[in-house]
Amino acid sequence: MPTLSNAPSRGRLGLAKRRRGRPANTGPLQERMIVGDVGVYRALKSRHAPQKDVTEAIDLEARKLIGRFGWKDPLRACAEKETQEGDGDSVDEDEQKRRDKTFKQVRGEVNKLWRNNLSVKADADLKPSTEIVELIKIFARKPRKKHLYKLWATSKARPELEAAVDERHAAVTQSVKPGSAPPPRVATWSAVAAEWYKAASAHEKETTRREANLVHREAMKKWEASASALPKSREEAIKFMEASQTFLSDLMHFFANRASGMAIMFLSGPCGASLVSEGVCNVIGQPKLLYTEVNPGGCDFFKYELDKQVRILNETKWGQDLEFGSLRSLTSECPNEDGDEEANGEDDGDGDDEDDDDADDEPAAAATTATVATATATVTDDDDDDDDDDDDDDSDEEEVNRYANEKGVEYLLPPALIDATHIQPECDKDEERGPDVTPVVDPTIADMHVPAHSEPSRSAISGEHSTVTASSFSFHVLERCPQQSVSMAEYQHKFRVALARILPHKIWLEESNTVNFLRAVPTKLSDRIDVSIAYELSLAYLAYESSNANEISLSLKTARRVDGQEGEAKPSYIHDLSLRDFKSRWNARADDATRTPAKLDADVNITLPRQWALLQPAARIDEQGRICILADAQMDWKGALLPGLDGVRLLVVTALVWAWSIKGEEERTEWSNLALDMTSVLQILTVQVGVRDVGGLSVAQGIDGYLKSRKSTRKG
């Protein structure tokens, strides 16, 4: 018999099998090099650079490749040249023509590969594997068949059914014992609808059963495809996030228990959609404490940092972000003010309240959301037995309680959302920007589940160090604004001189206790902050009150929420001063969010600097809503900061009360930045409007004139 040689074929030694089709114009080394530098091309295209810059980048890449692989065959050379060749070699005319032709071919190939790799394409390798798809199917809750009596009752308008429901519900309500809560109407509706469906004809029942099966099959197809289908729009991506809450929560609890630890997932999507899923292992006798409860500041910081990067990715993928009108349409199913989630299932009924309340029975496009609707009265009969086979068992009390406390998809505001129609100008190039600080989300949107976050001193996800509140200043004002040291004696002298100018004209300063309040600054703040800064702020305020500016009430500004509504004006302490006859007092600071009108806001270190930034001209604000440059005499505050009993005095008093209850070195730095900036702005405003002419009155004459002409101007 012939023997077969075990020696490998010579043609197969060291050579991989070539793919079918025409060979590529470039070798693997050259293609890897060109594609590796595609970031330069993407950067030029993203900022819409002129074609001249793009051409120069392509030429530079072509010369780089030729210099590495030589002029002989730069696109297919198997190895780099030991001695790199350049354009400066002296060659004859024929060689120069050949090189020009080679250079044209190389730059054309560079241009082609860069164009083909401009946007990251979703190839087959990015699709979920079969294991992931099956895992999602295991954890995800399948769509359930809609109860036949519900589908029958809502298939068309049935006024007789509604009348019967009203009649029975009225009778049930009257039979309730005094002091007991009446049953919900949906329970009566379910009972009556089940009875009417049982009495329906066989033809109607068969039609209803076929429709239910059809709806369920369509829902199952969507559910099967939801594990692997890629989103075709922002809306689809957000809907998938909303539908994945239960699955991700179960997954985190599963891994936390199996790993005997904690698990947390930060999922960020388009339009600021954010979802945090977490779990913690069970410890007998110990309550479950999630990581977001242990380190809320660090989690919020990481969540907003992640959102900034995701916005960049989605702008590259989908184009410019949605306008606020479209964004509001996306938030129609986001958490409401009470923190509850609305059902995300499809509505097969005619919009009746009864069908909305039973929305948990609706087929979902993917995994069911984490919301567990309130259990409703369910009436079963023999005709519904075949439908219950595909239904999931009702959640037990423990599962209901767990999912009821789950936080759903949040919608984070973009950085510096001061006004949806206002474009913030960039800072001057001459002004040096401070370190990159996470933008502060205005705390007035707390009811939209967007917390005023803080950043940790080291790690974003670490509870080892105390958190540092994100500043409303992109630079340290103290380093740029020269400070003059003011002693207590100088302050007291200048204070008396300022009163001589003001009191004959503004006797409300005395009646509002502002004179005594400012007089106590040395004793109240000497051991709290750099009291010299407080001296300068007080004197700058008094000088502004003695100017020719008209007295107009201060209008606090608010950041616009995602739903287009205006948020609450903060700090609340400024608003509540009107409830106490605008009295200036050294009030205490609240310990938490619950406060009385006589207490300073617990988060005044965030809300007051933020409010001050909102009141500044647009030229001072950067893209993140921070004050980025010093105040200038050419700026126009457009009447936002004017003197008066309920004018800029409210900001100054609140700032000084904050200094009296300062907490930590970080707050002390933020307060110094705010106070110095307020002083600078007040001094500029005083110069712009001019100082009131008091006719050369002395200090004693000014005080005496005030006492003689004193009359009440207190507001009723």
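We did not get these values from a lab; they are worked out from the coordinates using the rules stated. Note that this is a predicted model, so its numbers are computed, not measured. Cβ sites come from the backbone with ideal geometry, for glycine too, and all protein chains shown count toward neighbours.
From the Kirkwood radius over Cα pairs of the range 23-116, Stokes-Einstein at 10 °C and 1.306 mPa s returns a whole-number translational diffusion coefficient of 115 µm²/s.
Based on the Cβ-Cβ distance of R42 and R668, what FRET efficiency does E = 1/(1 + (r/R0)^6) give at R0 = 51 Å, to the nearest 0.05? Before the final figure, lay out each step's value.
Working: r = 44 Å, r/R0 = 0.86.
Calculated value: 0.70.
Using 1/(1 + (r/R0)^6) with R0 = 56 angstrom and r between the beta carbons of K198 and K317, what's the FRET efficiency to the nearest 0.05? Here the calculated transfer efficiency is 0.60.
Between the beta carbons of S487 and D592, assuming R0 = 25 Å, the FRET efficiency works out to 0.05 to the nearest 0.05.
For the ranges 527-535, 658-666, 643-651, what's the packing order if you count other beta-carbon atoms within 10 Å of each residue, average per peptide, and put the highest first?
Numbers: 527-535: 19.2, 658-666: 17.3, 643-651: 21.6.
By packing density, highest mean first, the sequence is 643-651, 527-535, 658-666.
Ranked by the mean number of other Cβ atoms within 10 Å per residue, highest first, peptides 212-221, 188-197 order as 188-197, 212-221.
Starting from 0.36 nm per residue, how many nanometres of slack lie between R32 and T292 once their C-alpha separation is accounted for?
89.3 nm
Footprinting exposure proxy ranking of S244, S90, fewest other C-beta atoms within 10 angstrom first, gives S90, S244. Spin-label model, E211 to E80: label points 7 Å out along the Cα-to-beta-carbon direction sit 7.2 nm apart.
Remark: V681, V106 ranked as V681, V106, counting other beta-carbon atoms within 10 Å and listing the fewest first. Each of C281, C78 was scored by other Cβ atoms within 10 Å of its Cβ. Listed from fewest to most, they are C78, C281. When the pairs K239/K303; K145/K205; K638/K663; K599/K663; K145/K232; K146/K205 are compared against a 23 Å limit on Cα-Cα distance, K638/K663; K145/K232 fall above it.
Which of the pairs K177/K288; K222/K308; K506/K557 have their Cα atoms more than 29 Å apart in this structure?
From the list (K177/K288; K222/K308; K506/K557), the Cα-Cα distance tops 29 Å for K177/K288; K222/K308.
Subtracting the Cα-Cα distance of L60 and E479 from their residue separation scaled by 0.36 nm leaves 146.5 nm. Computed extension length for E623-I552: 22.6 nm, one decimal, from 0.36 nm per residue of separation with the Cα-Cα distance subtracted.
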